[in-house]
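A short write-up of the structure that comes next.
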Amino acid sequence: MSDEVGFVNMAGAKAAGDAPGIGVGMLGYAFMGKAHSNAFKTIPYMIYPPPAIPKLIGIAGRDEEAVKEAAKRYGYASYYTDWREMLKDDRIQLFDNGGPNIAHADPSIAAAQAGKHVLCEKPLARNAKEAAAMLEAVTKVGVKHMTAFNYRFVPAIRLAKDLIDAGKLGEIYHFRAVYLQEWIVDPSFPMTWRFDKETAGSGALGDLGAHIIDLARFLVGEPRQITALTKTFIKERPAADGDGLEKVTVDDAFVSTVEFENGAIGSLEASRFCPGRKNGQIFEINGSKGSLRFNLERFNELEVFWKDEQPKETQGFHSVLVSESYHPFWEHWWPQGHIIGWEHTFVHEITHLLDCIVNDKPVAPFGADFEDGYKNAVICDAILESAESGRRIAIQY
């Protein structure tokens with residue numbers, strides 16, 4: 001695997017014992033805290049030799065009993081109920097922000113100002129203004145920064161990018177993507193922070209749509225203009241404490257159309273109201289020479305169609321099992337056909353960031369840096385503006 005696909009070049013690499021340690025401070029211990037911690041612990045023995053050895057120094061969260069248990073479970077040396085106290089620890093060189101969206105800006109900015117590299121979960125911020133302040137902070141100090149758009153590190157998606165960048169699809173005409181889940185269809189599902197605009201910024205848009213917006217930019221290019229509709233199907237939900245109802249202030253679903261700067265057109269849709277869809281992220285790209293299609297629920301496969309493929313009698317979409325040693329990211333895993341899964345995207349993503357820190361490489365274009373996170377937030381804001389105004393919105397960074 002070469003540096004070009006985001007991993008340290010293993011030719012002449014040092015043994016793992018010679019790899020530098022990188023102290024990690026984590027904010028958040030739930031879904032993303034678990035996923036990132038798993039990656040930190042996996043990297044030293046699977047991505048071998050690793051660019052760096054993650055050292056789990058501290059983990060922070062508001063609930064003392066829960067964060068204490070998380071520290072014990074994941075192997076962090078210390079736990080904190082105040083992230084500010086954690087950031088005072090000079091042993092921490094990388095701040096990993098897996099907190100709710102309302103806790104992305106202030107802790108990440110403070111970490112950068114303390115000279116720590118920053119990995120922040122998506123969406124980078126609740127809105128573009130907040131994201132711009134985060135980008136300014138990391139740029140001013142000069143630390144490495146990554147927005148955790150982990151789907152850039154799916155082997156099949158990276159293969160799709162390689163094919164597109166090599167011109168195999170020719171001129172790109174269409175990008176269409178959906179991200180569909182079912183988990184809040186039940187009106188009795190209680191209120192959480194994800195349903196509150198003040199805490200989350202947006203609903204299905206920031207939670208799911210941000211991912212396919214990032215893939216649109218990553219694979220096709222910058223959007224020129226966008227139109228959109230949003231919908232909140234259930235406007236009140238039971239309070240988490242069971243005391244009455246609380247107002248839902250974010251979107252349950254959105255759909256939008258996009259024109260890209262390169263002339264391609266596309267559609268983006270996300271919803272958490274799709275019974276039967278567990279984690280249904282699907283995109284298709286059509287070009288003058290062929291098409292590509294990916295379904296996250298068939299993680300190890302990429303569907304391809306080549307217009308001039310011969311013999312013509314058997315021409316059609318066919319599925320490529322992306323598990324060969326020459327496919328992106330696969331040199332450290334299993335023999336062909338022995339599939340990997342969702343959790344491995346975080347291993348690839350964080351390895352890329354560690355390589356960038358240790359070897360002073362840029363996170364972009366293969367990883368999403370805070371500039372990518374900011375541009376994503378601009379597009380999310382434009383979708384909300386279009387839905388509210390009924391107008392087509394030009395994308396301006």
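Read-outs throughout are calculated quantities, based only on the coordinates presented, and are distinct from any laboratory measurement. Quantities reported herein were computed from a predicted structural model and do not represent experimental measurements. All Cβ positions, even for glycine, are placed from backbone atoms using ideal geometry, and neighbour counts span all protein chains on display.
Note on the chain: helix-only mean residue ellipticity at 222 nm, from DSSP H runs of 4+ residues weighted -39500 (n - 2.57) and normalised by residue number, equals -9000 deg cm²/dmol.
Normalised radius of gyration (Cα atoms, divided by 2.2 N^0.38 Å) for region 3-150: 1.04. Between the C-alpha center of region 21-55 and that of region 165-213 there is a gap of 26 Å.
Mind grabbing the base-10 log of I(q)/I(0) for region 169-235 at q = 0.21, 0.24, 0.25, 0.29 Å⁻¹? Debye formula, identical points on the C-alpha positions, no solvent, two decimal places. At q = 0.21, 0.24, 0.25, 0.29 Å⁻¹ the computed log10 ratios are -1.01, -1.21, -1.27, -1.50. Length available on full extension from Tyr173 to Glu64: 0.36 nm per residue minus the Cα-Cα distance, which gives 34.0 nm. Peptide packing: for 240-250, 364-374, the average count of neighbouring Cβ atoms within 10 Å per residue gives the ranking 364-374, 240-250, highest mean first. Scanning residues 5 or more positions from Tyr79 or on other chains, those with amide H under 5 Å from its amide H are Ile59, with H placed 1.01 Å from N in the peptide plane. Screening the chain for whole DSSP H helices with an alpha carbon extent of at least 24 angstrom along the helix axis and a mean Kyte-Doolittle hydropathy of at least -0.5 yields 370-389. For a modelled paramagnetic label at Ser78, 7 Å from Cα along Cα-to-Cβ, the residues of region 23-50 in reach, with backbone nitrogen under 15 Å, are 23-27.
All other residues with a Cβ under 11 Å from the Cβ of Ile43 taken together, and with Lys, Arg as +1 and Asp, Glu as -1, what is their net charge? Local charge sum for Ile43: -1. Three principal axis extents of the chain based on alpha-carbon atoms, in descending order, are 64, 61, 39 Å. Karplus-based coupling profile of region 188-195, in residue order and whole Hz: 7, 4, x, 4, 10, 4, 5, 9, with θ = phi - 60° in 6.51 cos²θ - 1.76 cosθ + 1.60 and x standing for Gly or Pro. For region 251-357, the percent of C-alpha pairs falling in each 10 Å distance bin, counted from 0 to the bin holding the largest distance, reads 11, 29, 35, 23, 2, 0. As a rough footprinting exposure proxy, the listed residues Tyr48, Tyr326 were ranked by other beta carbons within 10 Å of their own, and the order from fewest upward is Tyr326, Tyr48.
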